[in-house]
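Notes to accompany the following structure.
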């Protein structure tokens with residue numbers, strides 16, 4: 001259901017629930033995922049990993065009883081550069097002498113007998129010299145530190161207003177994409193061919209080219225197979241598998257190697273959402289008008305840098321919530337620990353910091369004796385307000401309208417007064433926002449390019465490195481292209497992402513695909529339409545394809561200073577409100593999220609069915625993170641590495657979800673679109689925690705909220 | 001040992017270690033890769049197929065138990081019209097229209113569970129939430145799947 005801000009009827013595809021283009025293939029089992037590839041003669045690879053979090057590898061023993069001479073064995077000495085290139089290249093592809101976490105690759109083995117590979121992998125013994133590790137934040141070394149200063153924050157706390165402090169924690173979260181990570185690699189001549197499950201073909205390309213010290217771009221060809229879920233978990237992590245599979249293949253003389261993780265390995269070694277600790281101190285008038293905020297936002301980065309600096313950045317930039325803070329001191333710290341590196345996960349730091357501020361506001365409201373909704377309303381961002389980074393809010397967020405709609409749909413006020421506090425049932429609310437695309441100057445550095453090509457067979461082909469990972473890239477891009485070109489959508493096709501064959505439209509992350517890359521698709525479509533000048537596609541391209549490219553250009557005024565952390569952090573913001581209704585079993589303290597409502601402004605809704613799917617799925621992940629998804633860590637490593645003991649919501653747990661959209665179009669996004677993929681993760685944890693506090697009287701300050709915490 | 005099965009209406013004979021999971025036989029020997037691996041321990045449901053009219057997790061079924069069994073997988077649901085067009089099963093069609101499939105990896109198993117539920121609603125007295133409890137989906141939050149199943153039930157053609 002959609003509340004539409006305008007009623008443009010002249011659009012033929014945009015705004016309509018065009019059927020998912022690859023949907024029938026997925027529904028009939030025809031879609032080919034990497035593990036479905038039949039590659040004759042392929043060897044099966046396996047990674048031998050560390051089992052201690054810190055120390056040194058002393059010796060690797062290959063016990064008798066295995067035909068070791070038949071195995072391909074590869075290690076760091078076989079790799080020209082033992083580095084996984086990302087923001088930095090500090091993460092080695094194999095332990096480089098020093099063990100920094102308990103899931104590092106020590107070596108790789110491969111054999112044509114998959115069963116034998118698994119037995120052999122278990123038999124290999126590694127001897128260590130152990131060191132004490134660092135586990136948890138605020139110990140050891142800082143990986144990255146960021147600071148935002150705004151207004152007279154010292155003065156804000158000096159003149160007798162209400163000062164209120166709180167400390168909030170969030171746990172790690174495992175992605176549990178139902179398709180585990182996998183790559184198949186082989187060499188052809190002096191180049192490597194890689195097929196795999198991933199979000200960002202050019203990230204993989206960069207990492208493989210670097211690790212093998214290859215000179216030419218065409219020596220690495222990365223193809224994305226149908227990808228069974230990513231959620232950020234297949235942003236940077238797959239580069240490691242790509243390097244490993246390519247190395248085994250090279251040692252095997254170029255023979256194909258399958259490196260496909262089983263569930264336990266995937267859950268143990270892959271990235272997770274960064275655990276966080278946030279301390280908030282606010283100053284406000286007795287009536288609840290905000291004067292200033294001090295925030296210390298900490299995340300656990302794990303053993304290597306990976307993407308942690310940018311996760312910290314987005315988390316810190318969103319830490320004040322969608323409110324006007326006349327003064328702010330925001331400090332972000334990411335800590336090195338001996339955990340496997342934490343990484344990208346849908347929301348990218350913002351769900352952590354927005355949980356903290358939204359929980360803090362309910363606690364502050366209780367202290368002030370003000371209704372938590374009223375407290376928020378007194379401080380909502382409005383058009384023309386200044387964010388702590390000096391960015392001026394350029395549109396009217398209409399947060400009151402969004403909140404009122406959520407209250408109305410959920411029957412919040414009547415239900416809440418009916419239940420009464422502390423009776424095991426209650427509602428809670430959260431308000432949140434999310435910046436579209438890469439932070440600050442990130443989109444400029446990405447320099448994304450898309451191409452549309454009219455081809456002789458009468459089709460226009462979309463060529464992008466943006467991947468379909470379930471969110472609907474192929475479908476919304478076809479809608480945008482058909483709309484811009486003014487042609488039937490049946491004449492649009494989507495080129496399977498393969499480096500070299502498609503331009504680099506940037507990674508499929510940061511809620512940027514539909515809005516920002518889609519905006520480039522729109523521009524290229526309009527340009528191609530002019531080039532075609534009314535001719536039909538086949539005629540125009542009879543003597544060769546007609547091609548239009550569009551390259552990212554920063555919107556006017558979008559200036560960011562990485563040194564001062566001031567400027568326009570994002571070109572557009574999406575806004576939203578969640579209401580959660582929970583019940584708690586009086587005997588077992590089992591927490592159930594009965595229902596959740598979500599009202600979102602994601603700009604133009606390009607495809608309502610797909611957009612609702614994004615939002616509902618994200619809400620469910622957020623509810624899972626807040627309630628049942630408990631990553632049990634021991635010396636930094638996840639212990640519950642199975643779907644039997646790491647619990648994600650099932651259909652029986654599923655909350656009833658209600659979603660509506662409010663549309664404020666973004667002049668820079670595709671037909672007015674803003675980011676949609678990540679904002680659904682920002683709100684549910686605080687809405688649930690606020691509801692649980694109302695229902696139980698327990699002052700919830702951390703997620704996941706476990707029954708044992710409620711009974712304590 | 002030699003295993004004889006009827007898979008999607010076709011007789012199939014294959015040689016396999018009796019303890020090999022049915023999932024591996026389907027995917028590797030029969031090249032029916034529509035059925036997916038998700039966890040290998042019967043928890044996620046990605047490998048769900050219908051065996052002798054019962055819903056099973058094929059990763060937990062030693063193939064010897066499938067001897068002379070009738071197996072239905074996702075590949076066997078759609079039909080071909082006289083003009084060669086594909087006619088999806090009502091459950092598949094409803095999933096397509098309602099957004100019940102996103103990344104698609106849980107979809108084959110989820111669809112098989114859905115098809116089985118329409119045939120045997122009595123096995124899940126509490127309805128859809130119970131019927132699909134054995135199939136994890138990480139993309140949809142299940143809402144779109146419920147809507148699809150309600151639409152498929154309305155279409156009223158349990159195959």
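General observations
- Debye-formula intensities of the stretch A:18-94, expressed as log10 I(q)/I(0) at q = 0.23 Å⁻¹, are -1.22 (one equal scatterer per alpha-carbon, no solvent).
- When only alpha carbons are used to place a centre, the stretch A:508-540 and the stretch A:240-262 end up 37 Å from one another.
- DSSP finds beta bridges in chain A, and of those with both partners inside it, around 75 percent are antiparallel.
- Hull shadow area, averaged, the stretch A:208-284 [alpha-carbon convex hull, nm²]: 9.3 nm²
- Distance (nanometres) between label positions extended 7 Å along Cα→Cβ at residue B:81 and residue B:126: 4.1 nm
- FRET E, pair residue A:634, residue B:2, Förster distance 35 Å, beta-carbon r, rounded to 0.05: 0.15
- Scaling the Cα radius of gyration of the stretch A:133-272 by the globular reference 2.2 N^0.38 Å produces a ratio of 1.52.
- For chain B, the longest principal axis of the C-alpha atoms and the axis of helix B:107-119 are separated by about 80°.
- The protein assembly as shown - Debye-derived log10 I(q)/I(0), Cα point model, q = 0.05, 0.07, 0.09, 0.11 Å⁻¹: -0.26, -0.53, -0.90, -1.39
- Sorting A:236-247, A:189-200 by average packing, meaning the other beta carbons within 10 Å per residue, from highest down gives A:236-247, A:189-200.
- In terms of its C-alpha gyration tensor, the stretch B:79-155 has an oblate overall shape, because the principal axis ratio a/c (a ≥ b ≥ c, square roots of the eigenvalues) is not below 1.5 and a/b does not outweigh b/c.
- Principal axes of the stretch A:587-704: Cα extent on each, largest first, Å: 48, 33, 26
- Our estimate of slack between residue A:214 and residue A:538, defined as 0.36 nm per intervening residue step minus the Cα-Cα distance, is 112.7 nm.
- Separation of the stretch A:153-181 and the stretch B:97-147, taken as the distance between their Cα centroids, equals 36 angstrom.
- Sites residue B:155 and residue A:12, calculated FRET efficiency, Cβ-Cβ separation with R0 35 Å, nearest 0.05: 0.80
- Spatial offset of the stretch A:663-712 relative to the stretch A:92-118 amounts to 38 Å, using the alpha carbon center of each.
- 10 Å Cβ neighbours from other chains, averaged over peptide A:30-37: 4
- Treating r as the C-beta distance of residue A:588 and residue A:188 and R0 as 60 Å, the FRET efficiency rounds to 0.55.
- Spherically averaged projected area of chain B from its Cα convex hull (nm²): 9.2 nm²
- Averaged over peptide A:649-661, the number of partner chain Cβ atoms lying within 10 Å of each residue's Cβ comes to 6.
- Working ranking of peptides A:303-311, A:682-690, B:136-144 by packing, defined as the average number of other Cβ atoms within 10 Å per residue, highest first, is A:682-690, B:136-144, A:303-311.
- Approximating the spin labels as points 7 Å out from Cα along Cα→Cβ, the residue A:19-to-residue A:488 distance works out to 1.5 nm.
- Protection proxy ranking, highest mean first, for peptides A:221-233, A:374-386: A:221-233, A:374-386, where packing is the per-residue count of other beta-carbon atoms within 10 Å, averaged.
- Note on residue A:551 and residue A:264: the extension gain reaches 99.2 nm, defined as 0.36 nm multiplied by sequence separation minus the Cα-Cα distance.
- For the stretch B:2-74: Kirkwood Rh in Å [reciprocal of mean 1/r, alpha carbons]: 11.7 Å
- When A:269, B:12 are arranged by Cβ crowding within 10 Å, least crowded first, meaning fewest neighbours, the order is B:12, A:269.
- For residues of A:610-618, the mean tally of beta carbons on other chains within 10 Å: 5
- Relative to the current alpha-carbon distance between residue A:59 and residue A:119, full extension at 0.36 nm per residue lengthens the span by 19.6 nm.
- Per residue, the average separation of C-alpha pairs within less than 8 Å and at least 6 apart gives chain A a relative contact order of 17 percent.
Read the figures in this text as sums done on the coordinates, not as results from a lab. These numbers were taken from a predicted model, which means no experiment stands behind them. Please note: Cβ atoms are built from the backbone with ideal geometry, for glycine as well, and neighbour counts cover all protein chains shown.
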